[in-house]
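**Q** Take this structure, written in structure tokens, and hold onto it; I'll ask about it next.
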Amino acid sequence: MSNGAAEITTRRPQLGVCYYPEHWPESEWTDHARQMVEIGLSYVRIGEFAWSRLEPNPGQYEFDWLARAIDVLGQAGLKVVLGTPTATPPKWLVDTMPDMIAIGPDGHKRGFGSRRHYDFSHHGYRVECARIITKLAEKFGEHPAVTVWQTDNEYGCHDTTYSYSNAALTGFRSWLKDKYGTIGNMNEAWGNVFWSMEYRDFSEIDLPNLTVTEANPSHHLAFRRYSSDQVVTFNREQVEILRKLSPGRDIIHNFMGMFTEFDHFDVAEDLDISSWDSYPLGFLERRTDLSDAHKEKYLNQGDPDFTAFHHDLYRGTGNGRWWVMEQQPGTVNWADWNPAPLPGMVRLWTWEAIAHGAEVVSYFRWRQAPFAQEQMHAGLNKPDGTADIAAHEAAQVASELDQLDLTVDTSQADVALILDYPSIWMTQIQPQGKDYDPIALHFAFYCAARKLGLSVDIVASGADLSGYELVMVPNLLQVTEHAAAAFEATNAQIVFGPRTGSKTHDLAIPANLAPGPLAQLLQLRVDCVESLRPGIVHQAGGGSISKWREHLTLLATPDDCYQMPDGHPAYVQFGRISYLAGWPDENLLQDVLVKSAERAGLQVQIMPDGVRVRTMGPHKVYTNYGRTPANIEKIIGSESIVQGEGGCIQSASVVITRIS
Ligand code: GAL
């Protein structure tokens with residue numbers, strides 16, 4: 001298991017772009033390639049949606065156009081990332097195998113005419129994927145310009161992780177049999193005696209949709225675990241073919257933001273590089289946990305922590321190598337409202353990714369398409385082929401990278417944040433309070449640490465925690481043996497959030513109540529939990545608790561404690577362990593983190609509004625998401641400035657310093 005702390009490499013950060021040669025006349029390809037190189041791009045991703053052009057009729061392979069495109073790009077000096085086209089099976093394939101299409105939770109079949117119209121569990125579709133990938137890898141696997149393969153595109157996008165099909169049902173039953181061995185074990189683990197839900201055989205189990213009222217949460221959780229495993233094996237089958245037929249090439253997949261439907265740590269174990277698709281403005285608009293005032297403030301910049309959070313998350317998956325595969329270049333087309341970035345933001349986002357250890361930042365897309373679904377989505381170039389603002393900002397970063405002698409840095413941060421997908425699923429399946437959004441709780445911890453100037457690694461539950469000074473555990477409902485051992489083994493200060501250890505692997509209450517296996521370490525027991533409707537707020541310390549609160553029995557006298565007005569602890573600390581018995585507001589969380597950071601010997605600095613910093617080896621990269629310049633003279637102190645103006649950081653801009 002990765003702890004997100006790969007060795008410092010000697011790679012240099014590079015830029016890239018997503019390109020669709022099949023969208024443009026072949027006579028223009030050479031010009032496009034030349035322009036890409038002139039901007040300073042090194043990588044170009046192609047092919048991930050091109051199945052209908054690669055195999056227009058069953059078994060009729062037309063790869064020559066792609067070979068010519070790869071040659072043109074390669075001859076210009078570009079390195080090609082070739083996508084497997086499995087996110088867009090062609091119409092003829094769907095028609096020959098109509099049951100390969102996923103079924104929604106309402107029991108309705110989804111249709112052809114967009115993308116991702118497939119069911120991860122469908123064996124026949126997997127055979128078809130293996131066939132086209134084998135053909136592609138036989139043809140291009142050893143092409144010198146092809147240096148990376150991308151598997152599929154954005155697994156799970158458009159609600160496609162779960163399918164309520166016959167294929168999924170068959171797969172789920174056999175997965176359950178493998179997992180539980182006997183039906184008696186499964187009934188016991190799920191508590192199926194409740195409401196007479198007991199099964200006599202695995203063949204009797206249905207999928208957890210279309211029930212009269214809620215299905216057993218353990219049933220839901222098992223189906224989520226099963227569906228996550230389907231993504232893992234779907235990806236693994238592609239990887240195995242590519243490894244065999246395209247030796248020495250890296251394999252990557254592009255994950256998404258705000259997306260937790262499968263376990264990304266598990267998928268990334270089969271990859272050489274993780275990547276994600278970063279659309280700061282689209283995601284800001286889509287978030288439901290932010291106030292309108294916050295959205296207005298950062299309308300054209302994006303939330304100052306959201307993008308960084310995902311950089312740190314995906315760096316923490318796999319072996320630590322990561323890219324931004326798709327970087328927003330201008331307006332997108334898919335949010336409810338689609339504002340344009342402030343001038344400078346594309347450069348800022350690019351530098352921010354590099355500061356978090358990205359090997360490559362690749363813009364989506366080369367040129368805005370004047371047709372079809374994404375005709376309103378900007379690119380580096382306008383639909384008429386003239387350069388848009390992002391092309392200039394990318395060129396600026398490329399020339400800055402040329403001037404600065406930087407290497408990709410993914411060295412371990414001082415602070416870790418633990419993110420556990422099954423615990424997120426548990427909270428989503430059984431929130432117990434309408435607005436208990438586990439992702440928002442992760443963001444709250446992450447954002448509080450970053451406002452203190454701290455750099456954070458996001459790591460899997462059970463990861464080795466040695467080397468960290470401070471560990472944040474916002475939402476770990478399920479505490480595995482590995483996780484418990486890692487908490488015991490580290491000397492770090494640990495701040496646990498509410499609901500820690502409150503569920504077993506199968507989503508039941510532990511025999512000794514929460515925090516279950518951590519009762520001794522935390523020295524408390526949770527006797528009662530309450531969710532709180534909006535507006536109900538309990539003061540505690542200099543801040544407050546809302547949304548959720550717990551009633552604790554303490555098993556020892558704490559070193560520090562804040563009580564709510566009725567005397568129940570909101571926060572307790574025993575030595576290196578702190579526990580929050582509720583959903584903290586920003587003040588309470590910051591206070592608790594400052595105390596823990598200070599005990600850990602970490603220096604904290606409150607960042608000016610909108611300013612964030614990330615340590616990058618011997619450098620620090622400051623970004624200003626605010627709309628006005630910010631004074632950072634005191635914060636920079638004796639650091640020497642290598643990029644940007646000293647003392648003051650302009651709006652939508654970057655300052656890079658050298659620590660020593
Ligand atoms: C991503 C996707 C791209 C494109 C882009 C538009 O989710 O991978 O193919 O659709 O969004 O922002």
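**Q** Return a yes/no flag: does region 93-104 have any residue that is at pLDDT 95 or above, away from the ligand (no atom under 16 Å from the Cβ) and under 17 Å from K135 (Cα atoms).
**A** Yes: region 93-104 contains one or more residues that are at pLDDT 95 or above, away from the ligand (no atom under 16 Å from the Cβ) and under 17 Å from K135 (Cα atoms).
**Q** Give the residue, chosen from E22, E28, E48, that is assigned to a loop (DSSP other than H, G, I, E, B) and either within 16 Å of the ligand (Cβ to nearest atom) or surrounded by fewer than 22 Cβ atoms within 10 Å (Cβ to Cβ) (or both).
**A** Of the residues listed, the single one that is assigned to a loop (DSSP other than H, G, I, E, B) and either within 16 Å of the ligand (Cβ to nearest atom) or surrounded by fewer than 22 Cβ atoms within 10 Å (Cβ to Cβ) (or both) is E48.
**Q** Can you name every residue in region 589-616 that is within 30 Å of L299 (Cα to Cα), free of Cβ contacts under 8 Å to residues at least 40 places away in the same chain and part of a helix (DSSP H, G or I)?
**A** Selection gives nothing.
**Q** Let me ask you something else. With respect to G582, determine if the residue is loosely packed, with under 15 Cβ neighbours inside 10 Å and in contact with an Asp or Glu (Cβ under 7 Å, 6 or more places away or on another chain).
**A** When the stated conditions are applied, G582 does not pass them.
**Q** Something else now. Which residues, taken from region 68-94, are among the β-branched types (V, I, T), assigned to a helix (DSSP H, G or I) and in contact with a strand residue (DSSP E or B) (Cβ under 9 Å, 6 or more places away or on another chain)?
**A** I70, the sole residue that qualifies.
**Q** Another one. Where in region 266-379 are there helices (runs of 4 or more DSSP H), lying wholly inside it, with at least 1 residues that are surrounded by 22 or more Cβ atoms within 10 Å (Cβ to Cβ)?
**A** Result: 280-286, 306-316, 345-355.
**Q** Return the total of residues in region 243-264 being surrounded by 23 or more Cβ atoms within 10 Å (Cβ to Cβ) and assigned to a helix (DSSP H, G or I).
**A** Residues flagged as surrounded by 23 or more Cβ atoms within 10 Å (Cβ to Cβ) and assigned to a helix (DSSP H, G or I) within region 243-264 amount to 1.
**Q** Still on this structure, I have one more. Quick check: anything in region 381-397 over 24 Å from the mean Cα position of the chain (by Cα), assigned to a strand (DSSP E or B) and away from the ligand (no atom under 16 Å from the Cβ)?
**A** yes
**Q** To continue, here is another question. Is it the case, given these coordinates, that L290 is closer than 22 Å to A394 by Cα, more than 15 Å from the chain's Cα centre (by Cα) and of a type in the set (A, V, I, L, M)?
**A** Against the criterion (closer than 22 Å to A394 by Cα, more than 15 Å from the chain's Cα centre (by Cα) and of a type in the set (A, V, I, L, M)), L290 does not qualify.
**Q** Within region 288-311, how many residues are closer than 17 Å to S362 by Cα and not β-branched (V, I, T)?
**A** Qualifying residue count, region 288-311: 3.
The values are calculated or read from the model by the stated rules, or taken from the named source; none is laboratory data. Just so we're clear, the structure is a prediction, and the values are computed from it rather than from any experiment. Don't worry about glycine lacking a Cβ; one is built from the backbone with ideal geometry, like all the others, and counts go over all protein chains shown.
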